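Q: Got a structure here, written out as structure tokens. Questions coming.
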Amino acid sequence: MKTAVITGATSGIGFETASLLARKGFRVLGIGHSEENCLKAQERILSENPDAKIAYFWGDLMQQREVLCLSRDVAAYLSENCDGELNVLINNAGCVRSWYATTDEGYEQQFALNHLAGFYLTHGLLPFLKKTKGRIIITGSKSHKGIKVRWGDVMLSRGYNPLIAYKQSKLCNVLFAKGINDRYAAEGVRAYVVDPGLVNTDIGNKKTGTLVKLIWALRKLQGVPPTVPAKTYAFLCEQEKAPEGLCYYLCRETTYSKQVTSENASRLFALSERLCGICYGREAAV
């Protein structure tokens, strides 16, 4: 039985992907923000599929100390129940913000959750992915195009613009995937970015201002249900031979920004390692 870990798995795209993979016979380990939401999601999946192999873990991925705790808890579960193997890690959790806000570490929240959380979690689970030549899938967005990383002020603390912060975090998603492939594709571990398109979820209604909530409430009505992008995640999970592309939309390879180069990916990797206090050359032993 293949095992998939999915962050942001209590609602929207993450929940629908967890539900779909469970129906396809995967063991699914979901990660959510709160115990209450995790229990509700697990109960819902089991009510629709009593044979599902599903377990949930909860914590605030925006805070690095909780990412570390979750990483250790999931690692222990994999060692005890899955022969120390992980086939797929889906870094899906994300947020949007209307104003400048920071984590306990002082990192801008969109950068912290949309990029650093997945970067840190992947580091902790990489040994398990190496055992299966597994796959890492990141939820991106076509909005990553037309922007550059603000290397001199990556947290955008000077003249903060929440939309630019979001777009930059989505560019970092693609650069992270590129960096993983540059380092680990030769060992069989591959990373991908899924552009889900416009989806009818509540991402724009969580901890945002009144205007953003109103705009998103209207805009999301034009979006597809989250079951639609969930099929692309399942497609990337199920292919026997690892697909060669980097970015996918509706189960097909799609284009990405010219900013996605090995040079920029390496620069982001080094910066992210410093911000997380880790080194990808020193993963924990399984």
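Q: How big is the charge dipole of segment 68-195 about its Cα centre, in debye rounded to the nearest 20, if each Lys and Arg gets +1 on its Cβ and each Asp and Glu gets -1 on its Cβ?
A: Magnitude of the dipole: close to 620 debye.
Q: Which of these, 181, 87, 161, has the largest mean-square fluctuation under a Gaussian network model of the chain (Cα springs below 10 Å)?
A: Most flexible of the set in this elastic network: 161.
Q: Taking GluC sites (Glu not before Pro) that fall in a DSSP loop and have at most 13 other Cβ atoms within 10 Å as cut points, what is the longest piece of the chain between them?
A: Excluding the exposed sites themselves, the longest stretch runs over 1-239.
Q: A further question follows. Size of segment 3-119 along its principal axes in angstrom, Cα-based, largest extent first?
A: Reported extents, whole Å, longest axis first: 44, 28, 21.
Q: Same structure, new question: For the chain, set up a Gaussian network in which alpha carbons nearer than 10 Å are linked by springs, and say which option among 116, 271, 29 fluctuates the most.
A: 271
Q: What is the Cα centroid distance between segment 80-101 and segment 102-116, reported in whole angstrom?
A: Taking the Cα centre of segment 102-116 as reference, the centre of segment 80-101 is 14 Å away.
Q: When the dipole is taken about the Cα centre of the chain, and only Lys, Arg (+1) and Asp, Glu (-1) are charged at their Cβ, what size is it in debye, to the nearest 20?
A: Charge dipole of the chain: 900 debye, to the nearest 20.
Q: Ok, one more. Out of the DSSP beta bridges found with both residues in segment 3-276, what percent are antiparallel (nearest 5)?
A: 15
Q: So which of 24/142; 40/241; 24/258; 53/231; 170/231 end up more than 30 Å apart by C-alpha?
A: Violating the 30 Å Cα-Cα cut-off are 40/241; 24/258.
Q: So, one more: Going by a ≥ b ≥ c, the root eigenvalues of the Cα gyration tensor, does segment 3-276 fall in the rounded group (a/c under 1.5), the prolate group (a/b larger than b/c) or the oblate group?
A: rounded
Values in this text are rule-based calculations from the coordinates and carry no lab data. This structure is a prediction, so every number in the text was calculated from the model and none was measured. Counting neighbours? That spans all protein chains shown, and the Cβs are built from the backbone with ideal geometry, glycine included.
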